[in-house]
Amino acid sequence: MDRKVLIVLLLAGIIGCIAAAGYYGHPGGYHRGSHGRSYRYWGSWSSWSRCSRTCGGGTQSRLRRCITGYGYHHGGSRGCYGRSYETRRCNTGCCPVDGGWSYWSNWSRTYRSKVQTRTRTCSRPYPRCGGRYCRGPTKQTRYSGYY
């Protein structure tokens, strides 16, 4: 056999052995794969996003990516199963509502007294969930010059 032909056949045999053993190109160089195949796995979950509302019930989400790996594969799934996206409720407590004043009542009638009063309440709306109570007086008094 011609020496050039022998070298070509020898090189072809080495290249064939390398391919059969599962070596393949990879951006970082050559790696030995699991029978020459890639595998996929879930990356870590991202942090939870900021809640969509500060109170009264909002939502937040997080995600993870399916990563294609190369090299030796030690067990586990050959694919990414399950969800890549999760949501959950957040800030479910009620929102604070500050109180508001009602309208003033009519002035009281005067019977032998020249003093009239009127009142109002902190009820439009009532304060709730840590909201502030109304500021100011609940009662007013005035002097009336006639009976």
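So here's what we get for this one:
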{"read-out": "In the range 99-116, residue farthest from Q140 (Cα to Cα) [restricted to those that are within 60 Å of the chain's Cα centre (by Cα) and among the polar types (S, T, N, Q)]", "value": "S102"}
{"read-out": "Count - residues of the range 112-124 that are modelled with pLDDT of 95 or more and either in the same structural domain as R64 (by TED's automatic domain parsing) or surrounded by fewer than 12 Cβ atoms within 10 Å (Cβ to Cβ) (or both)", "value": "0"}
{"read-out": "Where a residue in the range 88-111 is farther than 30 Å from S49 by Cβ and at pLDDT 95 or above and its partner, wherever it lies, is surrounded by 14 or more Cβ atoms within 10 Å (Cβ to Cβ) and hydrophobic (A, V, I, L, M, F, W, C), with Cβ under 8 Å and at least six apart", "value": "G99/C122; G99/C134; G100/C122; G100/C134; W101/C122; W101/C134; S102/C122"}
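The values are calculated or read from the model by the stated rules, or taken from the named source; none is laboratory data. Note that the structure is predicted; figures quoted are calculated from it, not measured. Because the Cβ atoms are built from the backbone with ideal geometry, glycine has one as well, and the counts that use them run over all protein chains shown.
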